[in-house]
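To start, the structure under review is shown below, and the notes come after it.
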Amino acid sequence: MAFLRARVVLVALLAFAAALPARAQAPPTEYEVKAVFLFNFSQFVDWPAAAFADDRSPLVIGVLGSDPFGAVLDGIVRGETVNGRPIVVQRYQSVEQIDTCHILFIDRSQQPQLGAIVAALRTRNVLTVGDFDGFGRSGGMIRFATVGNKIRLRINLTAAQEANLTISSKLLRPAQILESGQD
């Protein structure tokens, strides 16, 4: 059901773009597509029960550093649930501000601190996502890589397993699985 809703959101985004006048028509932006991916990750990753305070706790998607999504990410998750949990978006300026977070997009503005961020989150069940060089090699879990005009996923499966996260084969199949030291 949630997968269907994610597809509906993407189709609606594409339909909205198609409904614009021809001269104003534009494909979704890079960060609109990435926002849909973040939402979809909530449906293809399993967190241990201990990652949530209780059965009604929300699934939190966080953005650390500069926010390249603006209101787009909030709009995509508004009113959505995953496994009966509402989805909320939080924004953080430093890793110390992060209390509860399940999916964390680490903006490239945080690249100089990436090693410290990954170390601070190492004992937590947080799926880390980024889109800059060195992300996977430094312990980030999912890197958005632009190849041609398409966004591809590069997954550091070892880092995800160390955080006790289970990534569905449906997400792993089209992704490039990184070996130690790869990016």
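Please treat every number below as a calculation from the coordinates, not as lab data. Since the structure is predicted, the reported quantities are computational estimates derived from the model, not experimental observations. Cβ atoms come from the backbone with ideal geometry, glycine included; neighbour counts cover every protein chain shown.
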Revision key, fill the gap. One would report the antiparallel percent of DSSP beta bridges in the stretch 30-177, rounded to the nearest 5, as 35 percent
Review point. Can you sort K170, K34, K150 so the residue with the fewest Cβ neighbours within 10 Å comes first?
Key: K150, K170, K34
Review point. Taking neighbour Cβ counts within 10 Å as the exposure measure, how do T158, T146 sort from fewest upward?
Key: T146, T158
Review point. Rounded to the nearest 20 Debye, what is the dipole magnitude of the stretch 115-183 about its Cα centre when Lys and Arg each give +1 and Asp and Glu each give -1 at the C-beta?
Key: 220 debye
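With only Lys, Arg, Asp and Glu charged, each at its Cβ (+1 for the first two, -1 for the last two), find how big the charge dipole of the stretch 30-177 is about the Cα centre; round to the nearest 20 debye.
Working: 15 positive and 14 negative charges, 94 e Å.
Here the stretch 30-177 has a charge dipole of around 460 debye.
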Review point. Between S168 and A50, what FRET efficiency follows from the Cβ-Cβ distance if R0 is 30 Å, with the result rounded to 0.05?
Key: 0.90
Point to revise | Low-density loop positions, GluC sites (Glu not before Pro), the stretch 95-183 - DSSP coil, at most 16 other Cβ in 10 Å | key: E179
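Please report the antiparallel percentage of the DSSP beta bridges confined to the stretch 92-156, to the nearest 5. Don't skip to the answer; put the middle values down first.
Details: 6 of 12 bridges.
Expressed as a percentage, antiparallel bridges in the stretch 92-156 total about 50.
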Point to revise | Charge tally in the Cβ shell below 9 Å around F69, where Lys, Arg are +1 and Asp, Glu are -1, F69 excluded | key: -2
**Study point:** Charge sum, other residues only, whose C-beta stays under 11 Å from G84's C-beta, Lys/Arg counted +1 and Asp/Glu -1
**Key:** +1
Exercise for review: Work from the charge dipole of the stretch 30-177 (Cβ charges, +1 for Lys and Arg, -1 for Asp and Glu, about the Cα centre) and give the residue of I151, M141, Q111 farthest towards its positive end.
Suggested key: I151
